[in-house]
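Below is one structure, written out as structure tokens; the observations come after it.
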Amino acid sequence: MDADDSVVEIVVCLGSSCFARGNSENLAIINDYVLSHGLNAKVRLTGRLCQDECKQGPNLMIGGEFHRGVTTARLRELLHQPDSPLRGNHGTA
């Protein structure tokens, strides 16, 4: 389906290690970002359990790119990068 081509998937690891190490906060940051930038129709936010990278967590994927050790500060950087897949789908993000 063509509409899905423009959807960016964000996958947050919800395993106990990643969640306790920061993905609980990261999930809230992502939700706020999506809502404040009007990206509801452009982002598919999903959660998964352990991705076997626990020691390097918190882990998440944005647009198919895997990121390890994502602090809240690093997540904000990823969301606001000029080449972020989210910005490509929403020119003013």
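The values are calculated or read from the model by the stated rules, or taken from the named source; none is laboratory data. Quantities reported herein were computed from a predicted structural model and do not represent experimental measurements. Positions of Cβ are backbone-derived with ideal geometry, glycine not excepted, and every protein chain shown enters the neighbour counts.
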Requested in this report: Check whether at least one residue in the range 53-76 is more than 12 Å from the chain's Cα centre (by Cα), at pLDDT 85 or above and more than 17 Å from Val12 (Cβ to Cβ), and report yes or no.
Outcome: yes
Query raised in the report: Any idea which residue in the range 31-77 is surrounded by the most Cβ atoms within 10 Å (Cβ to Cβ), counting only those that are hydrophobic (A, V, I, L, M, F, W, C) and touching a strand residue (DSSP E or B) at 6+ places or on another chain (Cβ under 6 Å)?
Result: Leu60
Query raised in the report: Which numbered condition trips up Val11, out of (1) touching a Ser or Thr at 6+ places or on another chain (Cβ under 6 Å); (2) surrounded by 16 or more Cβ atoms within 10 Å (Cβ to Cβ); (3) part of a helix (DSSP H, G or I)?
Result: (3)
